[in-house]
Amino acid sequence: MTKRLLTPLSKFIVFILTMIAALITNDTRFLAIFAMISFVFYRLSKLKYHPILILLIFSHLTILFVLNPDYGTQLYDYSITWIDEFSLQEMLYLLNILLKDVIILNFFQIFFLTSQPVEVAATLNQVGFSYRIAYQISQKLSFFSNLKSDLVKLQNAAAVQYIEISKFKLVTFLLQAKHKKTAAARHFGKKTKRTWYITRKLGKLDHLAILFAALTVLISIGLIFVNGSRLWNPFR
């Protein structure tokens, strides 16, 4: 799943299907294997985990625990105190949530961060989004992807002229310039779709990736019948 091996459309479909698969089941065994596979694809895409993502996952787990610290015990209908009043069942429940977060975020990043902004826009338009919305998303992604290099150029230009300027003012200037450029470039028609010059046809690897994602959904559904419910309960 590197940048050019798969089309953005297939990556988007894979993201949606894998998200569904992860949300359907609460089988820790399946989620653990699935999370490891997602990490393999993540590494093949040459992406690195941002600290904000780790903070986001940790915050999600903390909020769930604070809102209902006994939910794991109620869910598994069993209680084994592990550390202080933190039960083994609560740990297993939070582990399921952690694995789900990792799977969804990994495939989401593979779609968004390994596709060009225009490709993302074309994909969203292909699956039903208005091209006005798709175009605006493309512009925002393009702006933020180029933000760092644009800031460096402006800072260097200001330094040459011995002008001191804060990063906040630089970002504000870039936002205003981007807004004017975007507004001037809009020539929307009345229809909901348009022709995108950057779209690519699905290839063999795209079909294999989609097949893999569809298979995870089928396995996730199949586990409901194997376990008797969405939950795998090792404490029975």
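Each value in this text was obtained by applying a stated rule to the coordinates, not by laboratory testing. Since the model is a prediction, treat every value here as computed from it, not as a measurement. All Cβ positions, even for glycine, are placed from backbone atoms using ideal geometry, and neighbour counts span all protein chains on display.
Which of the numbered conditions does VAL14 fail, given that it passes all the others? Conditions: (1) crowded, with 18+ Cβ neighbours inside 10 Å; (2) under 23 Å from PHE235 (Cα atoms); (3) among the β-branched types (Val, Ile, Thr).
With respect to (1) crowded, with 18+ Cβ neighbours inside 10 Å; (2) under 23 Å from PHE235 (Cα atoms); (3) among the β-branched types (Val, Ile, Thr), VAL14 is out only on (2).
In the list ARG29, ARG43, which residue meets the criterion of being within 20 Å of ARG230 (Cβ to Cβ), of a type in the set (D, E, K, R) and surrounded by fewer than 22 Cβ atoms within 10 Å (Cβ to Cβ)?
ARG29
Considering only region 27-40, I want to know if a residue exists there that is in contact (Cβ under 8 Å) with a residue 40 or more places away in the chain and over 16 Å from ILE219 (Cα atoms).
yes
Count, please, the residues in region 215-236 that happen to be in a helix (DSSP H, G or I) and either more than 21 Å from PHE12 (Cβ to Cβ) or out of contact with any Leu (no Cβ under 6 Å at 6 or more places or on another chain) (or both).
12
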